[in-house]
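Worksheet: one structure, shown below.
What follows draws every value from the coordinates through simple rules; no lab data is involved. No experiment lies behind these values; they were computed from the predicted model shown. Neighbour counts are summed over all protein chains in view; Cβ atoms, including those assigned to glycine, are modelled from backbone coordinates with ideal geometry.
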Amino acid sequence: MKGWYVITNNPLVRDKLSGDVQVIYQAVSFEGLLREVRDRVHKGNTLLSHPLSGSVKPRETPYKSVIMMDRKGAVDEQSLALIENAMQACLKFEQKAGRFRPEVDKDFQLIDWTLLESAISSIDR
Amino acid sequence: MKLEIGNIFIKDIQFASEARIEDGVVYVDKAALEKIVLEDENIKSVTFDIAKPGESVRITPVKDVIEPRVKVEGRGGIFPGVIAKVDTVGSGKTHVLKGMAVVTAGRIVGFQEGVIDMTGPGAQYTPFSQTLNLVMVCEPVDGLKQHDYEKAVRLAGFRVAVALGELGRNVTPDETKVYETCGIKEGIEKYPDLPRVAYVQMLQSQGLLHDTYVYGVDAKQTLSTILCPTETMDGAIVSGNCVSACDKNPTYVHENNPVVEDLFAQHGKTLNFVCQIITNENVYLADKQRSSDWTAKMCRMLDLDGVIVSQEGFGNPDTDLIMNCKKIEAEGVKTVIITDEYAGRDGKSQSLADADAAADAVVTGGNANEVIILPKLDKVIGTLDYINKIAGASEETLQPDGSLKVELQVITGATNETGFLRLSAR
């Protein structure tokens with residue numbers, strides 16, 4: 001499949017995928033990344049992976065990686081509903097990102113990466 | 001398929017030099033079990049401890065909870081494709097060490113895993129405060145990657161549970177229950193007037209620490225398929241999921257799935273329990289589409305009248321849950337879904353990250369964001385070093401008096417989405 005890319009705020013994902021896959025890295029918050037994804041959905045891009053992947057909760061993990069399809073045209077309703085619901089869901093959680101000890105940061109990066117990896121393996125299948 | 005479950009009621013666990021079961025007491029040979037655990041060279045050391053209901057003990061971070069069982073008649077062995085060789089299980093006779101559990105604990109990542117309190121308010125929220133727990137804390141060899149550590153602890157827990165189950169092979173059970181399902185045609189002929197009902201179980205399948213295995217196969221690589229519900233009683237489904245303690249399904253829950261139990265209780269009386277359908281909860285949206293399409297198609301092909309769908313986890317699986325519900329309802333099959341809620345600490349927010357008008361019959365396992373105080377307990381098995389790193393907890397979790405202010409999320413099984421929990425509503 002062609003035309004897909006990863007949008008992430010996770011430096012581990014950026015480093016792991018660099019060169020192989022188109023990666024857009026933005027040093028923004030979890031919610032900032034979801035907003036960026038939404039803006040891209042408004043431009044016609046579609047979601048290929050779920051924006052609330054993983055059981056580590058929003059605002060607990062600071063990292064999120066989403067796979068999107070670079071596409072222009074009418075807004076995809078399913079993608080729009082998913083990203084809007086995901087942004088709403090964030091509001092339910094206490095802001096804990098940044099309160100964890102620094103060494104936990106690497107674990108958050110790893111989990112986000114493995115969730116993304118499982119989606120990428122589905123694309124490659 | 002017909003399975004006899006022989007429950008051996010366990011009244012106590014004690015460490016001893018010779019492993020055996022006598023008068024309902026399990027005598028555990030620690031040295032022998034240690035040897036079994038250390039067969040895996042990725043595990044540096046293991047400590048065993050016993051936690052009994054009512055004791056002032058906190059177990060954390062919990063990875064899995066497993067019920068020891070042994071296959072005494074019929075094909076295959078417990079945990080087929082994982083510990084026993086691959087063979088279809090779910091028929092014959094199985095002995096169960098009822099009332100005890102093997103609890104695995106260990107710090108795999110610096111956040112997330114669960115808490116089991118054996119007394120106090122926390123104990124009221126976890127079903128595993130009621131079991132006699134043999135707790136094993138495994139330490140990895142230096143430099144071991146999280147993937148390998150998770151796998152090592154997962155498999156060590158199963159090996160220990162199987163070794164303990166083996167002690168019950170020649171013990172006469174205190175109680176025997178029989179579970180039997182019919183073939184498709186046989187069921188229609190036998191129960192022509194009863195509604196045909198299946199259980200759709202959604203399995204966590206998103207990646208590291210979010211995985212489930214069916215006969216040893218990673219569920220994210222599977223298509224939705226059919227099981228005879230008795231297969232799960234012999235360990236056909238095992239947990240590799242240790243994220244989101246409150247609403248993950250430990251292996252113990254797969255072995256004792258209350259939806260299966262309750263549907264069997266009604267089988268031949270108010271309904272015909274046709275089968276169990278398992279489906280996954282992948283991250284990739286096309287996988288969701290495919291899995292839910294297959295699930296709905298099978299419901300139609302099996303001429304079902306109704307299904308109960310249970311979810312595992314939060315967020316991403318909400319989408320699978322609603323897709324399953326919508327598509328199954330669209331096939332003319334009545335659907336009841338079981339979920340839990342993340343409704344915010346005040347309970348006022350939208351509970352799920354997805355919704356649809358077809359989801360008009362919903363059972364909830366409770367609000368995982370609800371805040372509770374867990375008082376300081378005398379003994380900790382595992383480590384408190386990371387207690388303020390688990391889901392729903394934060395650096396502010398540990399209060400000056402030693403108590404913990406946490407959301408229900410941190411407690412193992414608190415809002416379980418198969419209904420294997422202690423919460424209820426009045």
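Strictly over 26 Å apart at the Cα level, which of A:57/A:106; B:63/B:348; A:92/B:297; A:43/B:248 would you flag in this model? Check vs 26 Å cut-off fails for B:63/B:348; A:92/B:297; A:43/B:248. Charge dipole of chain A (Cα centre as origin; +1 on each Lys and Arg Cβ, -1 on each Asp and Glu Cβ, all else neutral): 160 debye, rounded to the nearest 20.
Among DSSP bridges having both ends in chain B, what percentage is antiparallel? Round to the nearest 5.
Numbers: 43 of 91 bridges.
In chain B, approximately 45 percent of DSSP beta bridges are antiparallel ones.
Evaluate E = 1/(1 + (r/R0)^6) for residue B:399 and residue B:175, where r is the Cβ-Cβ distance and R0 equals 45 Å; express this FRET efficiency to the nearest 0.05. Plugging the Cβ-Cβ distance into 1/(1 + (r/R0)^6) gives 0.55.
Qualifying trypsin sites (Lys or Arg not before Pro) in the stretch A:64-109, where qualification requires a DSSP coil assignment and no more than 10 other C-beta atoms within 10 Å, comprise A:72.
For the protein assembly as shown, a simple Cβ point-charge model (Lys and Arg +1, Asp and Glu -1, everything else neutral) yields a dipole of about 560 debye relative to the Cα centre.
Tell me, what is the FRET efficiency for residue A:1 and residue B:363 to the nearest 0.05, using R0 = 41 angstrom and their Cβ-Cβ distance as r?
Step by step, r from the Cβ atoms, then E = 0.60.
Here the simple spin-label model places points 7 Å from the Cα toward Cβ, and for residue A:20 and residue A:39 these points are separated by 2.9 nm. At an R0 of 30 angstrom, the distance between the Cβ atoms of residue B:379 and residue B:18 translates into a FRET efficiency of 0.65.
Extension gain, residue A:28 to residue A:72, is 13.4 nm, computed as 0.36 nm per intervening residue step minus the present C-alpha separation.
If the segment from residue B:36 to residue B:141 were pulled out straight at 0.36 nm per residue, it would be longer than the present Cα-Cα gap by 36.2 nm. Could you check the simple spin-label distance between residue B:261 and residue B:56, using points 7 Å along Cα→Cβ, in nm with one decimal? In this crude spin-label approximation the distance works out to 3.1 nm.
Once you have the Cα-Cα distance between residue B:189 and residue B:47, take 0.36 nm times their residue separation minus that, and quote the gain in nm to one decimal.
Result: 45.7 nm gained on full extension.
Which trypsin sites (Lys or Arg not before Pro) from the stretch B:25-91 combine a DSSP loop assignment with at most 11 other Cβ atoms within 10 Å? Within the stretch B:25-91, the qualifying trypsin sites (Lys or Arg not before Pro) (loop, at most 11 other Cβ atoms within 10 Å) are B:85.
Within chain B, the whole DSSP H helices whose Cα atoms reach 20 Å or more along their own axis and whose mean Kyte-Doolittle score is at least -0.5 are B:146-166.
Peptides B:169-178, B:127-136, B:98-107, ordered by how many other C-beta atoms sit within 10 Å of their residues on average, highest first, read B:98-107, B:127-136, B:169-178. In order along the stretch B:355-360, the Karplus-derived 3J(HN,Hα) couplings, from 6.51 cos²θ - 1.76 cosθ + 1.60 at θ = phi - 60°, round to 7, 7, 4, 5, 7, 9 Hz, and Gly and Pro are given as x.
Inter-chain neighbour count for B:277-290: the average number of beta-carbon atoms from partner chains within 10 Å of each residue's beta-carbon is 5.
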